[in-house]
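Read through the structure below, which is laid out as structure tokens, and then see the notes.
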Amino acid sequence: MNKYGAYVKFTAKPGERETLADILLEAAAAAQTVEECEVYIINLSETEPDAIWVTEVWSSSEAHKASLTQPETKDSIARAMPLIAGVESIPVVPLGGKGL
């Protein structure tokens, strides 16, 4: 299995977490139509009031990179950027489990 995965932590600017989460949820809805995207889940942190975690799994790192070039993705990124104070991405190699 040569899948690509990541845990991405978005830290929203104060007061902007809900708006940022809405944009990420729109991206998650759009990802449902992309066959190469196998998992795209938006999570709110219970301990950090400005943090949002995205859990994602793609068929390959190339599929993930290609997704970033799509006009819809570029639009979402442009709308989200002013709301973001920081981003931390932790790439992982999914091995298997429920949902894969």
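Derivation of every value follows stated rules applied to the coordinates shown; laboratory data play no part. As the structure is a prediction and not an experimental result, all values here were calculated from the model. Ideal geometry is used to build each Cβ from the backbone, glycine not excepted, and the neighbour counts take in all protein chains shown.
Going by the structure shown, is Leu100 among the hydrophobic types (A, V, I, L, M, F, W, C) and under 17 Å from Tyr4 (Cα atoms)? Taking the combined requirement at face value, the residue satisfies it. When each of Val57, Val8, Val34 is tested for being closer than 20 Å to Leu100 by Cα and in contact with a Gly (Cβ under 6 Å, 6 or more places away or on another chain), the lone residue that passes is Val57. Within the range 9-32, the set of residues being of a type in the set (Val, Ile, Thr) and buried (at least 16 other Cβ atoms within 10 Å of the Cβ) comprises Thr11, Ile23. Would it be correct to say that Ala27 is touching a residue at least 24 places away in the same chain (Cβ under 8 Å) and either outside any helix (DSSP H, G or I) or under 14 Å from Ala80 (Cβ atoms) (or both)? So Ala27 fits the description; yes.
Applying the selection to the range 45-100, what residues are touching a Leu at 6+ places or on another chain (Cβ under 9 Å) and more than 20 Å from Leu20 (Cα to Cα)? Passing the criteria: Val57, Pro94. When restricted to residues that are in contact with a helix residue (DSSP H, G or I) (Cβ under 8 Å, 6 or more places away or on another chain) and among the polar types (S, T, N, Q), the range 22-77 contains 3.
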